[in-house]
1. Within segment 115-137, take every residue that is within 16 Å of the ligand (Cβ to nearest atom) and in a loop (DSSP other than H, G, I, E, B) and give me the one that is modelled with the lowest pLDDT.
2. For segment 144-172, what are the residues that are part of a loop (DSSP other than H, G, I, E, B), out of contact with any strand residue (DSSP E or B) (no Cβ under 8 Å at 6 or more places or on another chain) and either in contact (Cβ under 8 Å) with a residue 60 or more places away in the chain or crowded, with 17+ Cβ neighbours inside 10 Å (or both)?
3. When Trp234 is evaluated against the numbered criteria (1) surrounded by 16 or more Cβ atoms within 10 Å (Cβ to Cβ); (2) farther than 19 Å from Gly180 by Cα; (3) hydrophobic (A, V, I, L, M, F, W, C), which criterion, by number, is the only one it fails?
4. Can you name every residue in segment 185-209 that is farther than 21 Å from Ile141 by Cβ and more than 15 Å from the ligand (Cβ to nearest atom)?
5. What tally of residues in segment 42-57 results from selecting those that are under 30 Å from Lys273 (Cβ atoms) and surrounded by fewer than 19 Cβ atoms within 10 Å (Cβ to Cβ)?
6. Return a yes/no flag: does segment 189-209 have any residue that is small (Gly, Ala, Ser) and over 22 Å from the mean Cα position of the chain (by Cα).
7. For segment 173-207, name all the residues that are touching a residue at least 60 places away in the same chain (Cβ under 8 Å) and assigned to a strand (DSSP E or B).
Amino acid sequence: MGDERVGVDRYGVMGYPVSHSRSPVIHRLFALQTQQAIQYELLQVAPAKLEQAVRQFQRTGGKGLNVTVPHKREVAKLCDQLSERASSAGAVNTLVFQDNEIFGDNTDGIGLLRDLAVNLGVTLEGASILILGAGGATRGIVGPLLEMQPVSLVIANRTVDKADAIVDRFSDQGPVSACGFDAVPADEPFDLVINATSAGVHGKTPPYPGSAVGPDTFCYDLSYGAKPTPFCQWARGMGAAHSVMGWGMLVEQAAESFHLWRGVRPNTLPVLKQISVGA
Ligand code: ATR
């Protein structure tokens, strides 16, 4: 905070913890590129203080927020309106404050799709897709991935009940199924394997299903870091030619939020280059 310039619209990211977030840097680069006068704050807010902090940000003239772990599900309850994609995900990562109302959206799924399909050239139509993990991150990406008409989408999780619950929610939207890591179909490698667990954040590599990965499997970790994540290292070890960290999704979801707030779409590629190099 501290940078309260008159006439400059205020935005920020709320999380707990949040000090590691790259969102302020990304949005400042977008603002510079598109010549938008905004300021963007890092807001560390404990779960018990979430409602109070959101309402105060709104009351004091804030225009929009990004919301990150662990608030993405809870914050949906504070929204007066939800986009269809936020409502189907049951999770919100972007708030827009307008006319005393809170609009909640979820740009994670479209951010992932843009990175995969546009930046990385991955074909999703007809692809076999495996998602590892069944938490908030998975909820945000299943709907948009199913819209791309994959041939199958399997959600594997340590706790199978949680994967089942997501399948129940999305089964009318496409060929989605659930299982444990040890029951992933092993007939042939998947076209795309996405790590949506938070295991790597804790430095862990769970017993992921090795048979899911072959030389042509595209492996994508929603997590990112200065060094290859444990999942990316595991995927390389399994012989995957492509294992990519989620820097692109991070920048693309931010660009979607920026577009919602400012009506301008920034050019993501120079920003992606800048932040992933300076990681
Ligand atoms: P997020 O919002 O990032 O998805 P989350 O909702 O807490 O975070 O979900 C974390 C996911 O990572 C879950 O799928 C969790 O598995 P469980 O549902 O069984 O808890 C998974 N995860 C975290 N640590 C893990 C580990 N060490 N091994 C396997 N899965 C792990």
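1. That would be Gly135.
2. Met148
3. Only one criterion is unmet by Trp234, namely (2).
4. Ala186, Asp187, Glu188
5. Qualifying residue count, segment 42-57: 2.
6. no
7. Leu192, Val193, Ile194, Asn195
Okay, residues lined up against (1) within 16 Å of the ligand (Cβ to nearest atom); (2) assigned by TED's automatic domain parsing to the domain that holds Arg262; (3) in a strand (DSSP E or B); (4) free of Cβ contacts under 8 Å to residues at least 40 places away in the same chain:
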{"position": "Phe57", "(1), (2), (3), (4)": "no, yes, no, no"}
{"position": "Leu65", "(1), (2), (3), (4)": "no, yes, yes, no"}
{"position": "Ser87", "(1), (2), (3), (4)": "no, yes, no, yes"}
{"position": "Leu95", "(1), (2), (3), (4)": "no, yes, yes, no"}
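The values are calculated or read from the model by the stated rules, or taken from the named source; none is laboratory data. Not measured: the values here are computed from a predicted model. Virtual Cβ from ideal backbone geometry, glycine too; neighbours counted across all protein chains shown.
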